[in-house]
Amino acid sequence: MKRLLAVVLAVLLVGGAVVLRSRLDGDDGGGGGGGDDGPTAAASVSCVTEVFAACQAATGNVATQQTAGAALDRLLVEPLTPATSAIEAWVLPRYLVQAVEAQRARMGAPPAFGEVSDTVAWTEVVPAGVPDRLAALAASCGAVDWACVANDAGALWAELGATFPGTVKVGLDPPLTSATGLVALGAMTTAALGPFDPSLTDTQAWVSDLLRSQLAAAPSGQTALATLATRAGTYDVAAAIGADAVKVAANNPRVGVATPAPAAVLEVVVASAADRRLDRDLAKGVATQLKAAGWQDGATPASLVPAGDVLVALRSIQGR
Amino acid sequence: MTSRNPISRRPISRRMGRRAAPILVLLAVLAAACSSPSDGGDDASPTTGGGGGDASCPAVNVATSPEKLDLLTDLARTFNAERPGGVCANVSVNRVSSGAGMAALAKGWDEGVDGPLPTIWTPASAAWGAVLDFRLQEKGEAAMAGEGVPFMLTPLVIAMPKPMADAVGYPAKPFGWADLLRLATTTDGWAAFGHPEWGPFRLGKTNPNFSTSGLSALIAQTYAATGKTERLSLEDLNRPEVDTYAKGVESAVVHYGDTTLTFLNNLARADRSDTALLYASAVAVEEKSVIDYNSGNPDGVLQPGEQPRIPRYPLVALYPTEGTLYSDNPLFVLTAPWVSDQQRDVGTAFQDYVGRPENQQRVLQYGFRPANPEVPVAEPIVAANGVDPDQPQTLLQVPEPRVMNGLLDLWDTQRKGARVQLVLDVSGSMQEAAAPGSDETKLDLAKRAVISALDQFGPSDEVGLKVFTTNADNAGGDSIDLVPVGPIAATRDEMRSRVESLLPRNGTPLYLVARSSFEQAISGYDTTRINAVVLLTDGVNDDGTPGDDRQQLDDTLKRMQQASQGENSTPVRMFTIGYGRDADLVVLRQLAEATNAAAYDASDPRTIETVFANVISNF
């Protein structure tokens, strides 16, 4: 009897150790995941600003934050293998993955990522605005779409038949660093010019003019949406993550939301570092958290946002 | 929380509140920094709040500008108790004015003078963080502030008594700095608007070297002069028309000072005697100050037992058509050598905590606008309180730090000139030790303060030096004019030499000298300048004939009030400094209030240098 108990105890101890090790390691083998939707134990997860809160919730507050611009710069220059990178998984826009791999291939560098998930969640980037300003733009343009925003940014309200003082002030998070700002800029450029070649001088001049002359710069420390909502007089319209804008508008009567068609879609994926397997639990956890925050899953609508390498080229125009 | 400050630099207000006196912070490179009670000024030395956390948890100090001390103290207390996200922390809050905090961080924080080393620094405006990092980088040091998280907001406005606002077309007609300039420079004054009884246009505006609202006003009026709303440049500042514009606005200034509360308290007092419209026509303040004033609480703090007094003439906030700036009260988690990773984590958690919607609701109670976009602007930011939640319509970009430096440098040449009589007590009690065990006397410290403050005057200012004590001239006279009022550029060295040689002597003929100094300033009154007397004394009236003291004081106060009020007044401001524990603060306050000036408390002699600098900030 004693021997039997000892065997049972030993089995339990070994089994417990295996379970414990598995938990500690996370889903190292990358197999299937499953489990609950609570925080995963994924280590060294880097997330872009737009999804950082969801990452924190999904990982139990162990993720690190980078702007999309900083992530892009890092991913373009570093040899990203487990031996050389502390980051094992990335949560970032799909366009950024496309742009990084395309550019690394052109440079003859090895791929940055091992596996890349399908889109775990998406949101529209939308024009949020002071409700009476959005109404005035709608009256002027027929509908507040990205072409309307691009074409009327910087115009005198009086020229649009409205009685508001000054010009149409459009807020954009810096495209150089922000995925939201870059996606909105891409959508505005496509809406105004149609499919465009960012290497053409005319395109660059148009984008430069839009950025330098017509779009006000956000105060540091706040998104354009937060600035719109809290600092009256700064912006009439601001490009914002749709899920965030809807949430703010639900609480703050100073903010309204337009839903342009075609849309500007920001898709988010989870990618593993090169030579690593995709952490599917992390992908599932982020998807769950983003959905809870108002993001969408499933098929994406038609989008004005150009391909990743085109977007990144647009970003470099901003940087000049 | 309102404990006596060991290094107090407070004006003596009726409330003797924590939001009283601001601090002088001369920016070595810029020339200065700023702060005021309503906008970040007040005491640089700490008043502590919060705490109460688990002593075994990491201690995290928050250095805050004064206007949000109460609020942050409450938030620290609940943060410590609730442990959001399991964060174990012992957060405490200390009051440090915006400008003083910036200067202390830039030069190297001295715990003995500046208070506990901060993990979080929250000045009134993000501009302070930019200036700090600029100054550190100029010295080859790493930036410390970086990007802060805004906590709560309030825009700069031009506050005007409602009858005057009505006269300029409020609310239908927008009002801006250009309109103010026209009012300031017209020879007709309010007569141009059908109200000759209001006299000339008089503007209350604080010193931008001390006060955030003063700095914001300077930036806004300069943008207005250029017609721009962003990218103000050094080239813009040097345009002749910008210089002319600035001098025009400054020409209407009543006096400057370190805190907007001086204006608001004086205005409230004048309102009670129905002379508010003759004291100031407009004051550049933060929106929340308009709400406080109209609620009968001009300094924003109701002491126990104090009842608000609703003003006869409420203020209305005019949001300049050319644009304005927000004070955004950022929380900077400092990247400083003394801040550990653990403290940084707590600091970040505290940033998140104060931004929660339920905590942001609380900022509304203080008249600020929430920084969390999910919390809408609401009561008390409503039209009934003289403010407009849908304003401002245009925001101005905060200039680069080097441009702000240039602005402050130029302001020294554009501000209204001053004609100031310095009147110093050299009675026998000034020979007492400045502090127990100190080798220095009160007079020693006062002399050093005066000499140091002389550099604050511009070369075109006219300054005189008088000392008083009984039998000052050995012929029965009460005072001696050591240096007659004249251009300080020519007399600065002489004045310094005279001050250095002062000796303590006899009694304190305070009332007689206050009166005679006032009359002397009236006789030399210059309409183009700020006319003032600065009176420093360490005692009560003691002229050897106590029987007529009461009458002397009453006559003096009556005469001062007569000269300071009315359409054709010749306002000479008497700024008084109560020096040492025996000074008659009550009488000094009466003298200051009779001339719509301010009284300052230097009851701890060690504070005199700072207090004197604050006083001179009025010019």
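Values computed for the structure shown
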quantity	calculated
Estimated vicinal HN-Hα couplings, Hz - the range B:152-162 in sequence order (Karplus 6.51, -1.76, 1.60; Gly, Pro = x)	7, 10, 7, x, 6, 9, 9, 8, 9, x, 4
Nearest-20 debye value, the range B:259-309 charge dipole, Cβ charges on Lys, Arg, Asp, Glu	120 debye
Cα-Cα separations in the range B:306-411 greater than 18 Å, expressed as whole percent	68 percent
Amide proton proximity set for B:Thr441, modelled H, under 5 Å, gap of 5+	B:Ala434
Rg/Rg_ref, the protein assembly as shown, where Rg_ref = 2.2 N^0.38 Å and atoms are Cα	1.06
Positive-end extreme of charge dipole, the protein assembly as shown - chosen from B:Thr226, A:Ala293, B:Asn405 (charges on Cβ)	A:Ala293
Mean separation of Cα contacts under 8 Å (6+ apart) over length of the range A:78-234, as relative contact order %	18 percent
Residue among B:Ser516, B:Pro389, B:Pro330 farthest towards the positive dipole end of chain B, charges placed on Cβ	B:Pro389
Net charge, B:Ala597 excluded, C-beta distance under 12 Å - Lys, Arg +1, Asp, Glu -1	+2
Nearby aspartates and glutamates by direct alpha-carbon distance to A:Lys169 (threshold 15 angstrom, same-chain neighbours under 8 apart not counted)	A:Asp132, A:Asp152, A:Glu159, A:Asp209, A:Asp236, B:Glu230, B:Glu322
Within the protein assembly as shown: Cβ-based charge dipole about Cα centre, in debye rounded to nearest 20 (Lys, Arg +1; Asp, Glu -1)	700 debye
Beta bridges by DSSP in the protein assembly as shown, antiparallel share as percent, to the nearest 5	50 percent
Residues whose placed amide H lies under 5 Å from that of B:Arg312, excluding near-sequence neighbours	none
Inter-site label distance for A:Arg277 and B:Arg550 at 7 Å from Cα along Cβ, in nm	9.7 nm
Nearest-20 debye value, the range A:79-220 charge dipole, Cβ charges on Lys, Arg, Asp, Glu	240 debye
5 angstrom amide H check on B:Leu422, placed H, neighbours 5+ away	B:Gly464, B:Leu465, B:Lys466, B:Val534
Tail fraction, Cα-Cα pairs, the range B:62-195, threshold 19 Å, whole percent	64 percent
Neighbouring partner chain Cβ atoms per residue of B:193-206, average, 10 Å criterion	0
Convex hull (Cα only) mean projected area of the range B:523-586, reported in nm² to one decimal	5.4 nm²
Residue exposure sequence - A:Cys55, B:Cys88 - by fewest surrounding Cβ within 10 Å	B:Cys88, A:Cys55
Chain B: relative contact order as a whole-number percent, Cα under 8 Å and 6+ apart	17 percent
Modelled FRET efficiency - R0 25 Å, B:Glu147 with B:Asp341, Cβ distances, 0.05 increments	0.85
Share of pairwise Cα separations in the range A:154-217, more than 14 Å, in percent	63 percent
Peptide A:226-238 - average C-beta neighbours from other chains (10 Å radius)	6
Length gained when the stretch A:Arg106-A:Leu156 is fully extended (0.36 nm per residue, less Cα-Cα span)	13.6 nm
Relative contact order (percent, whole number), the range A:188-320, Cα cutoff 8 Å, 6+ residue spacing	29 percent
Average beta carbon contacts from partner chains per residue of B:366-379, 10 Å cutoff	5
Value of Rg/Rh across the range B:476-528 [Cα atoms, Kirkwood radius]	1.01
Under 12 Å, Cβ to Cβ, from A:Pro131 - net charge with Lys/Arg +1 and Asp/Glu -1	-1
For the range A:170-271, average projected area of the Cα convex hull in nm²	7.7 nm²
Alpha-carbon Debye profile of chain B, log10 I(q)/I(0) at 0.06, 0.07 Å⁻¹	-0.30, -0.41
Average projection area in nm² (convex hull over Cα atoms of the range A:279-320, one quarter of hull surface)	4.8 nm²
Burial ranking of peptide ranges B:538-545, B:96-103 (average Cβ count within 10 Å, highest at the top)	B:96-103, B:538-545
Hydrodynamic radius by Kirkwood, which averages 1/r over all alpha carbon pairs of the range B:263-319, in angstrom	11.4 Å
Cα extents of the range B:496-619 along the three principal axes, largest first (Å)	40, 37, 25
Net charge of Cβ neighbours under 10 Å - reference A:Lys169; Lys, Arg +1; Asp, Glu -1	0
Using θ = phi - 60° and Karplus 6.51 cos²θ - 1.76 cosθ + 1.60, couplings along the range B:611-619 (whole Hz; Gly, Pro as x)	4, 5, 4, 4, 4, 5, 5, 6, 10
For the range A:169-196 and the range A:95-133, distance of Cα centres in Å	14 Å
DSSP bridge pairs, chain B: antiparallel proportion in percent, nearest 5	45 percent
Of B:Leu315, B:Ala472, B:Pro605, farthest towards positive along the dipole that unit charges on Lys, Arg, Asp, Glu beta carbons give chain B	B:Leu315
Approximate shape of the range A:78-154 as ellipsoid semi-axes (Cα gyration tensor, √5λ), whole Å, largest first	41, 14, 10
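Every read-out reported here was derived from the displayed coordinates using simple, explicitly stated rules and does not represent laboratory data. Every value quoted in this text rests on a predicted model; they were computed, and no experiment measured them. Cβ coordinates were reconstructed from backbone atoms using ideal geometry, including for glycine residues, and neighbour counts include every protein chain displayed.
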